[in-house]
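Presented below is the structure to which this report refers.
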Amino acid sequence: MFNYLVRRFVQMVIVLFFSAIASYTLMSLAPGGPLSFLAQAQIQINQEEIARIRAFFELDLNLPVRFSRWLIGLPRGPIEIGGQSFFGDLIVGCRMPIEQTVRDVNTGKMWTEVIGCVPGQDVTLNDLKDRRTSNGVAFGDFGTSWVLLRDRPVSLLIESRLPYTLQLMITSLTLAILIGVPIGAYSAVRQYSKFDYFVTVLAFFGSSMPTFFFALLMILVFSLIFKDLGWFWLPTGNAESARDFFIPLLGNVTAGSLLDKVLHMIMPMSVLIMVNVAGWVRFIRGSMLEVLRQDYVRTARAKGLEERVVIIKHALRNALIPFVTLVVFSLPAAFGGAIITETVFNWPGMGRLYFDALGRSDYPVAMAFLLITATLTVIATLISDLLYTVVDPRIRLH
Amino acid sequence: MLNNKKIVWLLAVLSAVSMIITACAPQTVTVVQTQVVTVKETQKVEVPVIQTQVVAAKSFTKPHPVLGDAKVRQAIAYCTNRNELIASVYPWLPKEEQGNLFMNTFIPRVHWANEDGADVVKYPFDLAKGQAMLTEAGWTAASPTAIRTNAKKETLSLKFTTTNAAFRQTWAAVFEAQMKKCGVEILRLHTPSGWFFGSTTGLRRRDFELGAYAWVGQTDPAGRTLYSCTQIPVAENDWQGQNYMGWCNKAASDAINAANNTLLKDDRKKFYKIAQVEFAKDMISLPVFQRAEGNAAVKALKNFKPSTTEYYTWNSHEWELDGGRDSLVLGLTQEPASMYSLVESAAVQRVVAKLVFGNATSQVDYDYQPHQLAKLATIESGLAKNNDVEVKEGDPVVDSDGNPTDAKGELLKLAANMKVQNAKGEVVTVKAGDKITMKQLVVTYQWVANKWSDGTPVTKADFELGYKQDCDKKSGAVSFITCNSIQKVDFTSNTEYTVTYKPGFQAPTYFLAPIGYYPSQQVIQSEKFKGKKLGEVPPEAWATLPEIAETPMGTGPYIIKKWDKAKSITLEANPNFYKGAPKIKKLTVVFIADTNQAVAQLLTGAVDALGSETLGAGNEVKLVLDAKDKIQTQIKASGTWEHIDMNLNVP
């Protein structure tokens, strides 16, 4: 087992390293970026000013150097050994690149290529000495935000959103499992019954409809219409209200109180539960039906065991084996949040943060999100493999 | 036994070795099964070769084969039913109000600089006229519905590039159908805005035939970067400028330059008239419509006076609430990135900044009003003087384009071959040894006696700190054009300073204060600079300070008390506000990204007001209009206007 864990750990590091390279490169190649606002504002701006902005975002450094500074916080300047500096003049970028625009003769499509650097505008290792540098994501420093929380640590953004996402996702995932597993199992046991048809249709409906449909429908019905009718209504969105409010049956609700928070969570949580339950009911039902046809279930019944014991101990336990993978992979999802649900209900979670970061070219934030999600995914894979040995004694890890 | 330390070492060594092995090891393939495949025939696969051409320095000199012809451009304008385009995006707006969004030139109709008289060619929707003009231009059609062709059998087909915003997809689809009726094939290309507005793509490389996007109309009409001959982006000038059409009409260019180098409003109007007449005549950019924008608030809120050219919180100190309430909740579409105005210029920041810093001046209804700046420092008020000075080679100047620096960012000094504006207002080219008489502005800016929110008075030292910080290259500011145009500043008292600009600086908005103030007395509490005064913090570190970025000290009507990230900002009335503490004691700004959600919160009473940056002008506005018994809604023609640029040249 120890050897297995060491091997897996090494693999995880390699996978993460390459996924970091891939996502960083893709992000760097994406059109747009932090300078795109210059095309939309009526301002006169010269090359020196553009060079300064590029340097601020480190866009004047060669991609591998930028990546290395982001990953491990190096290089920060020339190599210093025994009070002496080495490689200080090593060129690591260019402040003012010479660009040429190239045109595809057939399609007319144009793009820009860098063909050199304006003389005297090279960036050397010596120039990096005065720049602020993060310690590197490998050491838990995600650097500073470019846009969303300009110049302040990305970790502040994550800290502000993560508790809300975890609160919403963990609650909804837990409840979805508690609801979905028994319904799916019962539906399989009572295959072709009215209950089974009802559940199957509902599960199909739930899986097919987009999340925002449920979300908007709930806001319309439980907030707007119910409030207009003077009935018990639910707040339309946010994690808590900005001021006290009145709800029939409950009376005055104090802003920021536990009741206030619970009321705000009901609708987004319900939407996520509905969507997850729909998917999981179908999964459990299918898995259970397969298990119920197995010889060992027939054997158990032949032995005269109670049906309850056959279903729960022999069938359901085995049907849950593949379900373990599904559940464990909810770990990265729990971190990543639910973009659409969070947006529609204005829930201040990680999904919205990622969406905003991409939309507004805040690449350090987007990269932090991607890296954490990738890390959680590889961890989830490991946990899933380890759990298999627990739920299925036939599996041995070497 | 392995202890923890050994395990960590072991893992570290294993990781490193494994990474090296993985990186260096050749790929090994284990063949599980082999199969003999008989190749029956071979086929030569031709790899397509992309033929490329470098866009030359003197690029975009050939006229566009279609759009180079003014008749075609004008025909496109006649074939465009702009009322239909407006109705496609604002179906909920009454017909009369839809008409208010119509534009004939690049300046909105209600703007003081707008010219809408008979001299401006109008292009009302006239299908027959448009078709006839196309025929006259040599583009004919076999049948009324067919796409037109010319004598060389080339089809009249144009690429229409714009962003993928849903709003633009809507009106672009209608535009495409309208053009088809005229026999013009439109190939719509909806690109991500990152590409279209990218620094080396889309508009900046003039990579379009017809390009649709919006400009934000300003109180000062500006326009030089958009329509001057010197502002055409080409490889030769490193793609500088925003005249993406490549329009060089001498009369218009001279007029737009003169309008931006002239100080008196009446003179400027004449120049803007020339520019607008030429703009409409040449039809190089079709103004499609001004966008609509909605602002809404609960009826209990009094003195809610949004303006298209000002953020709606500009007069928050005048707001009052009926019914004895003293707290208000505002919805804001996005959380400001920072309250430090040099690094964050988004509308959402400005909405909150108006609450915290107040107005030096406001820009209501396309005009300027003084507030904390006691008077507009105009020549008419006697606070500004435009002196004649003799300038010789080597003296610092601002050139005739209003630039204090060259393209590389070096400060300009009078030199041979430079173009400057002389004291008579003529643009002249400097010859070696020339001495030129130029205008030099000396402006005194007078402020009201003010207090910071902590009760200490605003002093001369605060203005000095403002100048030092805002003009420091490390401060985070984007452009230093104003700083570079200043020759010297004399801080004469706690409420006054005089700026001597460089000769040639004749910016029409000279009367607006170029220098603000920061609380020099503020002692920093946050960790890294704890105990230091604000002025002692390095300029580049200001953006990182919570005292600047989150809870800045201001002289506005409100003080930020708490900023709950991703949720809200809580503000309280400033008892030291120079006009007295506002009547509404508590304001909460809640961040609501989705417009549907914002409207739902307004309708359920969770928020009390939504500005145009949050409410916008989508179909959600109809819901708000329908709730007129409890919500006051103001729909206005925004300063932001959609237009279709026509690229006059090909590379």
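The values are calculated or read from the model by the stated rules, or taken from the named source; none is laboratory data. Predicted, not measured: the structure shown is a model, and the values here were computed from it. Using ideal geometry, Cβ is built from the backbone for each residue, glycine included, and neighbour counts are taken over all protein chains shown. SASA here: full protein model, heavy atoms, side chains in, ligands and nucleic acids out. Shrake-Rupley method; radii C 1.70, N 1.55, O 1.52, S 1.80 Å.
Tabulated results
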| item | result |
| --- | --- |
| Qualifying positions in the stretch A:210-225 - more than 10 Å from every other protein chain (Cβ to nearest Cβ) and either without any contact (Cβ under 8 Å) to a residue 24 or more places away in the chain or in a loop (DSSP other than H, G, I, E, B) (or both) | A:210, A:213, A:217, A:221, A:225 |
| Breaking point among (1) open to solvent by 50 Å² or more (accessible area, probe 1.4 Å); (2) not assigned by TED's automatic domain parsing to the domain that holds residue B:587, for residue B:545 | (1) |
| Positions within the stretch A:364-393 being of a type in the set (Ser, Thr, Tyr) and within 21 Å of residue A:15 (Cα to Cα), in sequence order | A:373, A:375, A:377, A:381, A:384 |
| Of all residues in the stretch B:581-590 being in contact (Cβ under 8 Å) with a residue 60 or more places away in the chain and more than 8 Å from chain A (Cβ to nearest Cβ), the one that is nearest to the chain's Cα centre (by Cα) | B:589 |
| Scan of the stretch B:93-108 for residues that are over 25 Å from residue B:272 (Cβ atoms) and surrounded by fewer than 16 Cβ atoms within 10 Å (Cβ to Cβ), ordered by number | B:94, B:95, B:96, B:97 |
| Residue within the stretch B:263-270 that is modelled with pLDDT of 95 or more and either in contact with an Asp or Glu (Cβ under 6 Å, 6 or more places away or on another chain) or of a type outside the set (Lys, Arg) (or both) present | no |
| Exclusive hit being of a type in the set (Asp, Glu), in contact with a His (Cβ under 9 Å, 6 or more places away or on another chain) and more than 8 Å from chain A (Cβ to nearest Cβ), set B:176, B:185, B:209 | B:209 |
| Selection count, the stretch B:282-317, where residues are open to solvent by 40 Å² or more (accessible area, probe 1.4 Å) and farther than 28 Å from residue B:109 by Cβ | 2 |
| Qualifying residue in the stretch B:439-461 (condition: basic (Lys, Arg) and either within 30 Å of residue B:229 (Cβ to Cβ) or surrounded by 18 or more Cβ atoms within 10 Å (Cβ to Cβ) (or both)) | yes |
| Selected residue [in contact with a helix residue (DSSP H, G or I) (Cβ under 7 Å, 6 or more places away or on another chain), farther than 30 Å from residue B:326 by Cβ and of a type outside the set (A, V, I, L, M)] from A:223, A:241, A:207 | A:207 |
| The lone exception for residue B:624 - which of (1) under 25 Å from residue A:232 (Cα atoms); (2) without any contact (Cβ under 8 Å) to a residue 60 or more places away in the chain it fails | (2) |
| Criterion: part of a strand (DSSP E or B), more than 20 Å from residue B:216 (Cβ to Cβ) and in contact (Cβ under 8 Å) with a residue 60 or more places away in the chain - qualifying residue of B:258, B:297 | B:297 |
| Qualifying residue in the stretch A:152-160 (condition: open to solvent by less than 20 Å² (accessible area, probe 1.4 Å), within 9 Å of chain B (Cβ to nearest Cβ) and either touching a Leu at 6+ places or on another chain (Cβ under 6 Å) or modelled with pLDDT under 90 (or both)) | yes |
| Residue within the stretch B:419-427 that is in contact with a helix residue (DSSP H, G or I) (Cβ under 9 Å, 6 or more places away or on another chain) and within 14 Å of chain A (Cβ to nearest Cβ) present | no |
| 1 or more residues at pLDDT 95 or above and open to solvent by less than 60 Å² (accessible area, probe 1.4 Å): qualifying helices (runs of 4 or more DSSP H) within the stretch B:115-199 | B:127-136, B:166-181 |
| Residues located in the stretch B:470-524, provided they are of a type in the set (Asp, Glu) and within 14 Å of another protein chain (Cβ to nearest Cβ) | B:472 |
| Of all residues in the stretch A:234-265 being open to solvent by less than 20 Å² (accessible area, probe 1.4 Å) and part of a loop (DSSP other than H, G, I, E, B), the one that is farthest from the other protein chains (Cβ to nearest Cβ) | A:234 |
| Residues of the stretch B:557-580 that turn out to be in a loop (DSSP other than H, G, I, E, B) and at the interface with chain A (Cβ under 7 Å from one of its Cβ atoms), as a count | 3 |
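For every residue, the table says whether it meets (1) open to solvent by less than 50 Å² (accessible area, probe 1.4 Å); (2) closer than 23 Å to residue A:287 by Cβ; (3) within 14 Å of chain B (Cβ to nearest Cβ); (4) among the basic types (Lys, Arg).
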site	(1), (2), (3), (4)
A:324	yes, yes, no, no
A:328	yes, yes, no, no
A:341	yes, no, yes, no
A:357	yes, no, yes, no
A:362	yes, no, yes, no
A:379	no, no, no, no
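Every residue, every condition in (1) in contact (Cβ under 8 Å) with a residue 12 or more places away in the chain; (2) open to solvent by 40 Å² or more (accessible area, probe 1.4 Å), yes or no:
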{"residue": "B:350", "(1), (2)": "yes, yes"}
{"residue": "B:353", "(1), (2)": "yes, no"}
{"residue": "B:373", "(1), (2)": "yes, no"}
{"residue": "B:380", "(1), (2)": "no, yes"}
{"residue": "B:401", "(1), (2)": "yes, no"}
